[in-house]
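The block underneath contains the structure these notes are about, expressed in structure tokens.
The values are calculated or read from the model by the stated rules, or taken from the named source; none is laboratory data. From a predicted model like this one, the values you see are computed outputs, not experimental measurements. In this analysis, Cβ positions are derived from the backbone assuming ideal geometry, glycine residues included, and neighbour counts consider all displayed protein chains.
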Amino acid sequence: MRKSVGIFVLAGFGLGLWALATVPADSAAGGTITGAVKFAGDPPPPKEVPATKDKHVCGKTPIYDESLVVDKGTKGIQWAVVSVQGAKGKWNGKEASIDQKGCVFHPHVVVTPPGKLTVLNSDGVLHNFHSYGKANPAMNRAQPGFRKKMEVEFNKPEIVKITCDAHSWMLAWIVVTDDPFVAVTNEQGNFKIENVPPGTYTLEVWQETLGTTTQKVTVEAGKTATADFTLKK
Amino acid sequence: MAPRTFVPDEKRSLRMIFFVSSMILVGTTVWALWDESVSRRPWIKYQAAFKQLEYDMVRKELEQARAELAQPAVQEKLRKLREELRWAEEAKKGPDYQAAVSEVEQRKITARDTSQELRFTRSELDEAFYWFDKARHQGKDYTAEEAEVRRLQELDRRLEPQANTAKAALEDAKGRVKEFDRRIREVEDKIKDITAESRQLEIRLDAIRTRLLEVKQVVLEGIDKNEFDVFVLRVDRCGTCHLGIDRAGFEDAPPPFRTHPNREAILGTHPVNRFGCTVCHEGQGTALDYIRLVDGRIPDIPHGFGKEYGGDVHILWDFPLLTGELVQASCRKCHKGQSDFVTPIKRGQGDDTQVEWVNLAPVLTKGLAMFESLGCPGCHPAEGFTGLPKVGPELVSIANKVEPAWMIDWIQQPRSYLRYSRMPNFGLSKEHATAITAYLVAQSEPDPPVPGRFDPNASPEKGKEIFTQVGCQGCHPMRAVFEETKPRFFFELASRDIAPDLSNIARKIKDPEWLFRWLKNPKAIAPTTRMPNLRLSDEEASTLTAFLMMRGERQVTSPALLAELKKEALIKEGEQLIRLRGCFGCHEIRGFEVAKQIAPEISNFGYKRLLQLSFGHAVEVHHTWEDWTFWKLKNPQIYTTEREQLRMPNFDLTDDEVKALRVMVKSFVDTVVPDRYREEATAARKAISVGRRVTRDYNCVGCHIIEGQGGDIRVRYEGRLNEAPPPLVLREGTLSEGSKVQAEWLFEFLHRPHPIRPWLEVRMPTFGLTDEQWGRITAYFVALAGLDVPFESVPPAEELNQKLVEAGRILASEKYFACGSCHMQGDKKPEGPPEGWAPDFALAHRRLRPGWMNTWLRDPQKVQPGTKMPSYFLDEFSGPDDVLGGDEQVQILALRDYLLSLGKR
């Protein structure tokens, strides 16, 4: 009889420990979403854009159109933005930046919490940072060659288009988001979003030329959920 | 026969008569009192209701204020302050205060003593000096006197600081006493500040409670005249019931207490105590009974037809209250020359204040634009609308342009060829249309020669490109080829096109070569046309002609018809028809150069009495001015009878358009408003009104955004707006052509446009206007910029500060701001494709205002939101530190001076 009580106590203790470990006390207790965004159809060949200006800088390395980059082998789409709709969380002091190098924005898509964004100019020629925000006030700031670094602000969540009027081919997207559950696909079209609080969410993928697609995904603590997308024109 | 009893009058009882008559008297008195105070004062119940409404409102505010006061934090603060006050008051009663007061008394004595001693010493000194002076003059020995003077002088020197010290000590002591009072007052003030709001509300509440009910009236002089042409006073008592009309806070109150719409903008410039109400709203100002007296309409048995004006009503007299949009007609009693009534209105408070541009009379504005552009004054003489250009094309050489067969169809049914045409339908038979065509062909003259060689084999594809590039689409729709979402009229003021749709142009054109000549130089063929010259080369004009001639099938005139059109009798009949229907009101036609307008004068139409309006057989139309006018405009033939043939053509107006025109027609009244009620329009206001008309006549707004409106062509430049014609006056930014460019330059440019942005395919046409017209447009832009003086001097290159110019040159260089990355400078072109370029620096000194250049360089995005020109000077790290000490403000000046130094003079 006593023995069994002891077992119960032990079991209860163990259960308590388990419960403690699984209670989402912080985001570390969340799950992971991975997947790939693929292109339906033949991957378009990379399109080179002629540098018509400042060739001594812009002409050094070939410039490619980044509006739809598809891997030949995996058909994965690079630069697609995957976001977990409705998942709430806090940014971990992330500071985002974007560089202008070889007359190309690096990276092509930047994810940033609301607030300051550092804009670098590694080229040493005149660039201008022209944003077309709707929620955020539109801006057009010159960044002459001598100004290697400047700060701009985006305070409202939205996806903002960025161009440079001095170099008409330059294009970037700033993804401003309150919650950190946003990923950008890599060259193979893969993405990974970690520490998502358990729950069922709508997973949204946005690509600048292919638009928005969604699917449902259920996240369990400590587990990895998979969600693949296939986008077509 | 019974003896006649005689009762003398003295003995007869009159009790009954007295009683009855006194009862009648009492009854009458009571009735009179009741009638006077109750039934004849219906306004009392409105005033009482408003009193209650206001009382409730203020009481609610008071409760709120009291609730705020009752909050623990506020109460705690008040408690502390009261404590402080108690301390301060107690301190005044305490020994410290007493000590301070007695100190003052003591020091007063000391100060008085010392100052008295000083004064005595000085008197003695004066005396001693007299004796000393006298002795010296008399040549006596003055040693003793001198010694005395010296002694007293010494004493004075010693006493003076003593007296000063005593005085200062007294002031000091007095200050300490005052300090007690000051502390009390300070705390009292603080307490008052906190409770001020609720106390004020209490006072207001008291004032409302004790307010008497009374008739409120405004007396206006110099508006009304009696039968003997002598001025009489006008009395408006509308405010007796409309109690919240000029007060904020009653916007949501029920009528009649509601605040006037756009109160600040309208009543701010037309204060009720000066203008009254009936000046705009008409109706009976003196009346205090709404339905019967003020309004003048009483509900009537429904007829089922003609109730488009506010339900079925029976009019009690000729000029009842103007309600709804019809009130806008009154604006033109004073504001005669104005083309719209756009006024800036401030919304919000503090930092959130936004200026919104509101048209206070939108229906009248629409009616006015339609009245002019549909050509109403062509037939109807109307005050203020004389000497206007004819709205239709001149027909003096029409035979060279169109097929007669097409013209017959067109005259009969204009809208079956052009859906959004302004040409009305005259309801002509085929025979009559043929007769008119015969006359028009007969009166037609040959075109003057236009230089240029037409190439009949030109490529229509090329022509299509030209059509989309050079700016034809700023005015002309071509719905068969290019999507068009709406009629193209000034700011969508009517469902009409400003210029013909060219979808089916080849149907009417007789000769492609004519079209070529027309495109090359429209004014050479029709001097009065509004079509500008796009400076097309022979090749461009040929290809464009080829493209246009593909649009539709030519309607060839048969030889039989041609022969018939030459018949003398038919031509004669056509002439009579033109005279009868007044075609020359809109078109210039040979033989009708001096013909008079054919329709009745309408300068006082707004005050037409019902008995002057003939309703013919139209029994369904309700007998009101509003209904008569509505149906006349909707169907001009509706009142035709056997005796009277009406000649007005049908403009095929929508209900909204009819209502707008009706407001316009209502505005024609012969009221002479005395000068004291009118503010003489400022020169700027006049310049804006006149200039706006020219920019609308020539459809500048088809391409350019002016005053934040227009720029229709921009829809063709989706995603490449920098290739569209530039906006000229924005409302959201501070971009304003008048403050940007030099007036002399603008005037010159309008006369002889030259490319400023050579990468633009779209061309600023040559309009061939007169100096007066261009001067008006220049003055218009200057006035829109709020400038009194149109000119701004530009210093010659050698007078500029050379140090700054040099610094500017360095700043603009590739090492720093690299302006040449986009901007041209004379022959020096930027790299890259031309659509990425920006205007030539060498033009700046002739074109731009130096003051504007400063504003622009400081933050171009603020001037023109979305411009390609980036902001260089947004923070203190913007400019390089090694030029001009890193001072951004000086760097801006340096850049400006450098730009001004460039280019040939």
Of (1) without any contact (Cβ under 8 Å) to a residue 40 or more places away in the chain; (2) in contact with a strand residue (DSSP E or B) (Cβ under 9 Å, 6 or more places away or on another chain); (3) charged (D, E, K, R), residue B:608 fails just (2)
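Which fully enclosed helices (runs of 4 or more DSSP H) of the stretch B:1-116 have 1 or more residues being in contact (Cβ under 8 Å) with a residue 40 or more places away in the chain?
B:43-70, B:72-93
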Among the candidates B:657, B:620, B:680, B:626, single out the residue that is acidic (Asp, Glu) and free of Cβ contacts under 8 Å to residues at least 24 places away in the same chain. B:680
Does residue B:421 meet the test of being without any contact (Cβ under 8 Å) to a residue 40 or more places away in the chain and either in contact with a Gly (Cβ under 9 Å, 6 or more places away or on another chain) or not β-branched (Val, Ile, Thr) (or both)? no
Only residues that are outside any loop (DSSP other than H, G, I, E, B) and in contact (Cβ under 8 Å) with a residue 40 or more places away in the chain: list them for the stretch B:426-452, please. B:432, B:434, B:435, B:436, B:437, B:438, B:439, B:440, B:441, B:442, B:443
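Output yes when any residue across the stretch A:121-133 is in a strand (DSSP E or B), in contact (Cβ under 8 Å) with a residue 40 or more places away in the chain and of a type outside the set (Gly, Ala, Ser), and no when none is.
yes
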Output for the stretch B:837-883, where each listed residue is of a type in the set (A, V, I, L, M), more than 33 Å from the chain's Cα centre (by Cα) and within 14 Å of chain A (Cβ to nearest Cβ): B:838, B:874, B:883
Which condition breaks for residue A:57 when tested against (1) in a strand (DSSP E or B); (2) in contact with a Cys (Cβ under 8 Å, 6 or more places away or on another chain)? (1)
For residue B:590, are the conditions met, namely being touching a strand residue (DSSP E or B) at 6+ places or on another chain (Cβ under 7 Å), assigned to a loop (DSSP other than H, G, I, E, B) and basic (Lys, Arg)? no
Report every pair of residues separated by at least 6 positions or lying on different chains whose Cβ atoms are under 6 Å apart, first residue within the stretch B:580-600 and within 15 Å of residue B:445 (Cα to Cα), second hydrophobic (A, V, I, L, M, F, W, C) and outside any loop (DSSP other than H, G, I, E, B). B:592/B:584
So which residues in the stretch A:109-119 are more than 14 Å from every other protein chain (Cβ to nearest Cβ), in a strand (DSSP E or B) and not hydroxyl-bearing (Ser, Thr, Tyr), if there are any at all? A:109, A:110, A:111, A:115, A:117
Could you look through the stretch A:85-102, keep only residues that are buried (at least 20 other Cβ atoms within 10 Å of the Cβ) and in contact with a Ser or Thr (Cβ under 9 Å, 6 or more places away or on another chain), and pick out the one that is nearest to residue B:817 (Cα to Cα)? A:100
Return the total of residues in the stretch B:658-692 being crowded, with 17+ Cβ neighbours inside 10 Å, in contact with a Ser or Thr (Cβ under 7 Å, 6 or more places away or on another chain) and either part of a helix (DSSP H, G or I) or at pLDDT below 90 (or both). 4
Residues of the stretch A:62-79 that turn out to be more than 14 Å from chain B (Cβ to nearest Cβ) and either within 17 Å of residue A:172 (Cβ to Cβ) or not in a loop (DSSP other than H, G, I, E, B) (or both), as a count: 10
State whether the residues of the stretch B:144-153 include one that is under 30 Å from residue B:87 (Cβ atoms) and without any contact (Cβ under 8 Å) to a residue 12 or more places away in the chain. no
Read through the list (1) surrounded by 14 or more Cβ atoms within 10 Å (Cβ to Cβ); (2) outside any helix (DSSP H, G or I), then give the number of the only condition that residue B:571 fails. (2)
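Every residue, every condition in (1) within 14 Å of chain A (Cβ to nearest Cβ); (2) closer than 29 Å to residue B:889 by Cβ; (3) out of contact with any Phe, Trp or Tyr (no Cβ under 9 Å at 6 or more places or on another chain), yes or no:
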| position | (1), (2), (3) |
| --- | --- |
| B:736 | no, yes, no |
| B:771 | no, no, no |
| B:778 | no, no, no |
| B:784 | no, yes, yes |
| B:796 | no, yes, yes |
Given the condition surrounded by 17 or more Cβ atoms within 10 Å (Cβ to Cβ), assigned to a helix (DSSP H, G or I) and within 19 Å of the chain's Cα centre (by Cα), answer yes or no: does some residue in the stretch B:620-632 qualify? no
Given the criteria surrounded by 13 or more Cβ atoms within 10 Å (Cβ to Cβ) and either under 23 Å from residue A:89 (Cα atoms) or not β-branched (Val, Ile, Thr) (or both), does residue A:230 qualify? no
Out of contact with any Asp or Glu (no Cβ under 7 Å at 6 or more places or on another chain), exposed (fewer than 13 other Cβ atoms within 10 Å of the Cβ) and over 30 Å from residue B:64 (Cα atoms) - does that describe any residue in the stretch B:158-167? yes
Return yes or no: is residue B:391 in contact with a Lys or Arg (Cβ under 8 Å, 6 or more places away or on another chain), surrounded by fewer than 20 Cβ atoms within 10 Å (Cβ to Cβ) and of a type in the set (A, V, I, L, M, F, W, C)? yes
Is it fair to say residue A:82 is more than 14 Å from chain B (Cβ to nearest Cβ), surrounded by fewer than 22 Cβ atoms within 10 Å (Cβ to Cβ) and not in a loop (DSSP other than H, G, I, E, B)? no
Return the pair list, or none, for Cβ contacts closer than 7 Å from residues in the stretch B:209-222 that are touching a residue at least 60 places away in the same chain (Cβ under 8 Å) and within 22 Å of residue B:58 (Cα to Cα) to residues that are among the β-branched types (Val, Ile, Thr) and not in a loop (DSSP other than H, G, I, E, B), at least 6 apart or on different chains. B:213/B:44
Yes or no: the stretch B:341-363 includes at least one residue that is hydroxyl-bearing (Ser, Thr, Tyr), under 21 Å from the mean Cα position of the chain (by Cα) and assigned to a helix (DSSP H, G or I). no
Can you confirm whether residue B:832 is out of contact with any Lys or Arg (no Cβ under 9 Å at 6 or more places or on another chain), outside any helix (DSSP H, G or I) and within 14 Å of chain A (Cβ to nearest Cβ)? no
Name the residue that is surrounded by the most Cβ atoms within 10 Å (Cβ to Cβ), counting only residues in the stretch A:178-221 that are within 20 Å of residue A:109 (Cβ to Cβ) and among the aromatic types (Phe, Trp, Tyr). A:181
Output the residues belonging to the stretch A:126-146 that are at the interface with chain B (Cβ under 7 Å from one of its Cβ atoms) and charged (D, E, K, R). A:141
